[in-house]
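Have a look at the structure below before the remarks.
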Amino acid sequence: MDIKYIIGRALLYFCMFIVLAAIFAPLAWLVISSISPRAELLSVPPHWWPENATLQNYVDVIAPQEGTSRAARDFRFALGNSVVVAGSVTVISLVVGTLAAYAYARLEFPFRRSGLIAYMGLRMLPAISVALPLYVILRDNRLLNTRMGLILVYLSFVLPFVIYVMTNFFHTIPPELEAAARVDGCTRISALWRVILPIARPGLVATGVFAFLLAWDEFFFALLYTSTPAAKTVPVAIAEFTGRHAIDFSAQATGGVLAAIPPVVLALIFQRYIVRGLAAGSVKG
Amino acid sequence: MDKAGRLTASPWQRKLRRMFDFEMNQTSLALALIIPSLVLTLGLVLWPIVSTLIMSFHNINLARPERQEFIGLANYINHLSDNFFWETIGRTAYFTFVSVGAEVVLGIAIALLLNQQLRGWRFLRLSIIIPWAVPTIVSAAIWRWIYNADYGALNGLLYQFGLIDNYIPWLADPQRAMNMVIIADVWHSTPFVVLIVSAAMASLPVELYDAAAIDGANAWQRFVRITIPLLRPAIMVVLVIRTVEAFRVFDIIYTITRGGPVNGTMVISYLTYEETFRYLKLGSGAALSFIVSAFILVLALIYIRILYTEDVA
């Protein structure tokens with residue numbers, strides 16, 4: 001074994017160590033901050049591991065007492081709102097989007113191509129250029145500060161995404177499969193249901209996870225359209241921790257950990273689907 | 001139904017039946033399938049866009065609601081002839097090019113590292129997805145706390161290693177604040193590049209590398225002559241998506257610096273947000289939002305053009 005090879009390997013392992021450290025150090029600091037008492041967090045130099053580690057912040061969020069701060073008390077509701085909103089958006093956009101994607105991928109009809117291009121274009125539109133009229137629409141329909149309002153608004157950007165990605169997925173399925181089913185007497189709809197959808201399952205899972213992550217992550221619309229515990233989502237609640245009390249980071253860190261768990265767990269479970277989904281969904285020229 | 005049934009049906013019924021005979025009529029099936037999504041997108045996107053466009057030609061200021069008049073392109077001309085607007089575009093471009101550039105270079109490097117299949121590479125592949133999955137707001141909050149001038153981990157770490165003598169207010173200097181925000185963005189978004197590039201890398205033909213190695217190409221030559229050209233479509237896609245996202249960055253700026261200090265991190269989306277929702281100059285804000293869209297569209301078109309000429313070649 002020559003020395004050049006050994007040095008090369010050592011360097012590669014060193015790089016790997018650096019990357020792993022860069023990934024985990026900020027996350028570890030988030031978790032450590034969330035279990036540190038406030039006083040220790042403000043020590044100089046920092047206590048890298050708290051002397052009196054405590055789960056009090058988590059208790060405050062999950063089972064608030066009288067002395068608990070307002071932001072911590074509201075956080076439970078924010079979690080519930082985020083789950084309901086992101087979950088509904090995922091289900092609705094998958095059902096509605098998959099049907100439309102099938103049409104775009106398999107059927108001939110006027111304006112098919114321009115429709116698809118329009119959906120691609122919609123992904124590039126900055127949220128701010130629809131923010132104000134949407135505010136007016138929501139207000140006029142009494143949907144401000146409601147989960148329903150947020151669900152509708154989120155569909156406006158999740159749906160084009162689902163349609164675009166699922167259309168690409170359907171293109172990867174050979175049409176002969178469907179043709180065979182139709183020769184055997186299936187209607188188009190039952191061929192879609194019995195043949196195409198089962199094959200497209202990896203795509204559906206990946207797209208569903210993406211849709212959930214998109215909705216869970218959204219901040220701008222939620223910031224503008226929700227201000228009470230009735231509909232406020234997790235990102236807004238976390239941003240609020242930084243409001244007046246600039247240094248209540250232990251509470252914010254707790255919120256951050258709780259907010260990160262669902263998407264991170266989903267991403268880890270469906271890692272393969274996500275990687276394949278990214279490959280098929282966006283890299284398809 | 002039998003023939004007799006059809007004959008007795010009125011022409012109108014027959015027409016209706018033909019319309020809903022999805023086997024025969026692709027257009028009506030397609031229509032039935034796309035209508036729900038069409039209604040949602042038209043109502044929630046197209047109408048608001050048109051309405052914003054109309055607003056952008058008016059002088060609407062909620063602070064003075066009694067005066068609303070059609071002023072043509074004045075809002076646009078005001079912005080385009082304003083120095084501060086161009087400085088903001090400059091800052092946005094700086095943020096976009098530096099962060100996307102760093103993300104693409106780092107992302108390719110990490111994908112190559114994964115491709116070496118060192119011991120533990122599966123763990124790295126699994127870990128790399130985490131920063132991407134962490135909500136943007138959470139990652140921004142983490143970095144804001146790390147950068148904290150008085151109690152932040154960055155100062156604590158550098159101080160304990162003796163690299164600095166005094167705590168540094170990382171976010172107090174305009175230019176430095178911008179760079180710190182870029183670091184936070186790179187942490188959050190590089191994994192996306194890694195995921196796409198390494199997926200593309202997995203499908204590269206091994207034989208080409210063997211052949212090149214036999215012909216005496218060294219590792220660097222193989223990387224430049226084989227890997228990069230074959231990865232080009234994937235890299236282009238990443239560039240388009242990341243550039244568009246970075247140019248309209250908002251969440252991270254809102255959480256870490258709110259455009260400050262002294263407008264050092266004032267990017268175009270944040271400026272539009274302030275104009276519209278803080279100063280309530282709706283017409284002016286609407287015009288800004290269209291200028292942002294126009295910039296993004298131009299960027300996207302340039303990329304798509306490059307991508308297309310590639311396909312032809």
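The values are calculated or read from the model by the stated rules, or taken from the named source; none is laboratory data. Please read these numbers as outputs of a predicted model, since none were measured by experiment. Note that each Cβ is placed from the backbone with ideal geometry, even for glycine, and that neighbours are counted across all protein chains shown.
For B:Tyr270, are the conditions met, namely being aromatic (Phe, Trp, Tyr) and either farther than 20 Å from B:Asn83 by Cβ or at the interface with another protein chain (Cβ under 9 Å from one of its Cβ atoms) (or both)?
no
Is there a residue in the stretch A:182-191 that is at pLDDT below 85 and either within 30 Å of A:Leu144 (Cβ to Cβ) or surrounded by 20 or more Cβ atoms within 10 Å (Cβ to Cβ) (or both)?
Yes: one or more hits.
Go through the stretch A:116-134 and give me each residue that's over 19 Å from B:Phe295 (Cβ atoms) and surrounded by fewer than 20 Cβ atoms within 10 Å (Cβ to Cβ).
Listed by number, the residues that qualify are A:Leu116, A:Ile117, A:Ala118.
Taking into account only those residues within the stretch B:71-90 that are of a type in the set (Val, Ile, Thr) and under 24 Å from the mean Cα position of the chain (by Cα), which is surrounded by the fewest Cβ atoms within 10 Å (Cβ to Cβ)?
B:Ile89
Over 24 Å from A:Leu125 (Cβ atoms), hydrophobic (A, V, I, L, M, F, W, C), buried (at least 19 other Cβ atoms within 10 Å of the Cβ) and out of contact with any Pro (no Cβ under 6 Å at 6 or more places or on another chain): which single residue out of B:Ile256, B:Ile268, B:Ile252 fits that description?
Testing whether each residue is over 24 Å from A:Leu125 (Cβ atoms), hydrophobic (A, V, I, L, M, F, W, C), buried (at least 19 other Cβ atoms within 10 Å of the Cβ) and out of contact with any Pro (no Cβ under 6 Å at 6 or more places or on another chain) leaves just B:Ile256.
I want to confirm something. Restricting to the stretch B:153-177 and keeping residues that are part of a loop (DSSP other than H, G, I, E, B) and charged (D, E, K, R), which single residue is surrounded by the fewest Cβ atoms within 10 Å (Cβ to Cβ)?
B:Asp165
I need the full set of residues from the stretch B:109-152 which are of a type in the set (Phe, Trp, Tyr) and not in a helix (DSSP H, G or I), in order please.
B:Tyr147, B:Tyr151
Would you pick out the residues in the stretch B:235-285 that are out of contact with any Asp or Glu (no Cβ under 8 Å at 6 or more places or on another chain), of a type in the set (A, V, I, L, M), assigned to a helix (DSSP H, G or I) and modelled with pLDDT of 90 or more?
B:Ile253, B:Ile256, B:Ile268, B:Leu271
Take residues that are within 25 Å of the chain's Cα centre (by Cα) and tell me which of the helices (runs of 4 or more DSSP H) falling wholly in the stretch A:92-196 contain 1 or more.
A:112-122, A:128-140, A:147-171
What number of residues in the stretch A:82-98 are more than 18 Å from A:Asn145 (Cβ to Cβ) and touching a residue at least 60 places away in the same chain (Cβ under 8 Å)?
Looking only at that region, the number is 8.
Hey, could you check the stretch B:198-234 for residues that are among the β-branched types (Val, Ile, Thr) and either exposed (fewer than 10 other Cβ atoms within 10 Å of the Cβ) or not assigned by TED's automatic domain parsing to the domain that holds B:Leu112 (or both) and say which is farthest from B:Ile108 (Cα to Cα)?
Step by step, filter the stretch B:198-234, then rank; the result is B:Ile214.
Among (1) surrounded by fewer than 19 Cβ atoms within 10 Å (Cβ to Cβ); (2) modelled with pLDDT under 60; (3) more than 7 Å from every other protein chain (Cβ to nearest Cβ), which single condition is A:Gly285 missing?
(3)
Every residue in the stretch A:1-44 that is at the interface with another protein chain (Cβ under 9 Å from one of its Cβ atoms) and among the aromatic types (Phe, Trp, Tyr), please.
If the condition is that a residue be at the interface with another protein chain (Cβ under 9 Å from one of its Cβ atoms) and among the aromatic types (Phe, Trp, Tyr), then A:Tyr13, A:Phe24, A:Trp29 are the ones that fit.
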